[in-house]
Every structure is written in structure tokens, then in C-alpha cells.
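Heads up: the structure comes next, in C-alpha cells.
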């Protein structure tokens, strides 16, 4: 290691273009303390190891201690937080209600369309059978009734088309 030179007070102010370093710069250029690697013996470790204690809080609101500290920083914070949380809960319930009502409306509309389509198909099959082609009319009528019965059985068992396909995929 090179010998350290004594610096005068004038040397502490860096000059433009000067290659001299100040005491603080030379101190920062010294070698860092030795760091132990995993393969070295543990005899170099300190006798009293430092402990790290971690705590966690899980809940809708901050920890009561933190809530008190927030209240000290900004008076009325707790009331604002509770008001915001209540408004958010009310909004979420309103959205869930809308979603359920839309699902019921969708299901009801689907039932009406199925009824109309089934009725038209049965009437078409009957008309085809009456006006000359009994076999074709019979097949059309039977396919309409089979479709209606299948849809009814699926809805009665609680398995719609999506759930039925998912159960078939799982059985493979």
C-alpha cells in the first residue's frame, strides 16, 4: 500500500485538473472489510448473532397501532378510511346484484327462445308430415322433442352445456 501523504488545509479543496485526492477520498479507496464465504469455518462468526424478527398483519384495515399513527399524522384519516371502505363494499354489492339480475334475465330469455324454436320446429315437422312427407316430418318433430327433453334434463340436473363439456374433458 502506498505511503499516505500529509495534506494541508488547502489540499482539501479540489483544484480543477488536479490528481490529488482528499482524505475522505483516500479513505473510501481503502480495501473493504473481509467478507466470509460459505465454505469458510464458522469460527470467524460473531458470538452473539443478530436476530431478525418479522411481523405481518393481515386484514381489511391497517394494524390498530398503524391506524393510530395515521390518525396522529392526519386527523380524520380513520373516518375517511371507514367511509371509503363502506362505499366500496356498497358498490361491490350493487355490482353483484346487477350481475345476478343479468344472469337471471339471460336465462329467462334463453328459455323463451328455446320454447319458440322448439314450437316452430314441431309445427314445421307436423306441417311437413301433413303435406306429403311423413318420414321427414316425423324426423323433424322427433329431433325437436329430443332437443327440448335433453335441454330440460340438463337444466334439471344442474349441468348446462358448459359444465357437461367440462365433465367430459375431465373423464378423458
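The values are calculated or read from the model by the stated rules, or taken from the named source; none is laboratory data. Note that the structure is a prediction, hence the values are computed from the model and not measured. In this analysis, Cβ positions are derived from the backbone assuming ideal geometry, glycine residues included, and neighbour counts consider all displayed protein chains.
Filter segment 130-148 down to residues that are outside any helix (DSSP H, G or I) and closer than 15 Å to residue 111 by Cβ, then give me how many there are.
Residues meeting the conditions: 0.
Taking the condition within 25 Å of residue 59 (Cα to Cα) and either over 36 Å from the mean Cα position of the chain (by Cα) or touching a residue at least 12 places away in the same chain (Cβ under 8 Å) (or both), does residue 150 pass?
Taking the combined requirement at face value, the residue does not satisfy it.
Among (1) at pLDDT 90 or above; (2) on the phi > 0 side of the Ramachandran plot, there is one condition residue 102 misses while meeting the rest; what is its number?
Against the list (1) at pLDDT 90 or above; (2) on the phi > 0 side of the Ramachandran plot, residue 102 comes up short only on (2).
Report yes if residue 67 is farther than 30 Å from residue 156 by Cβ, surrounded by 10 or more Cβ atoms within 10 Å (Cβ to Cβ), modelled with pLDDT of 85 or more and touching a helix residue (DSSP H, G or I) at 6+ places or on another chain (Cβ under 8 Å), otherwise no.
The answer is yes for residue 67.
Would you point out which residue out of 114, 127, 166, 151 is part of a helix (DSSP H, G or I), surrounded by 10 or more Cβ atoms within 10 Å (Cβ to Cβ) and modelled with pLDDT of 85 or more? Break it down into steps so the answer makes sense when it comes.
On the way: 114 fails: modelled with pLDDT of 85 or more; 166 fails: modelled with pLDDT of 85 or more; 151 fails: modelled with pLDDT of 85 or more.
Matching residue, one of 114, 127, 166, 151: 127.
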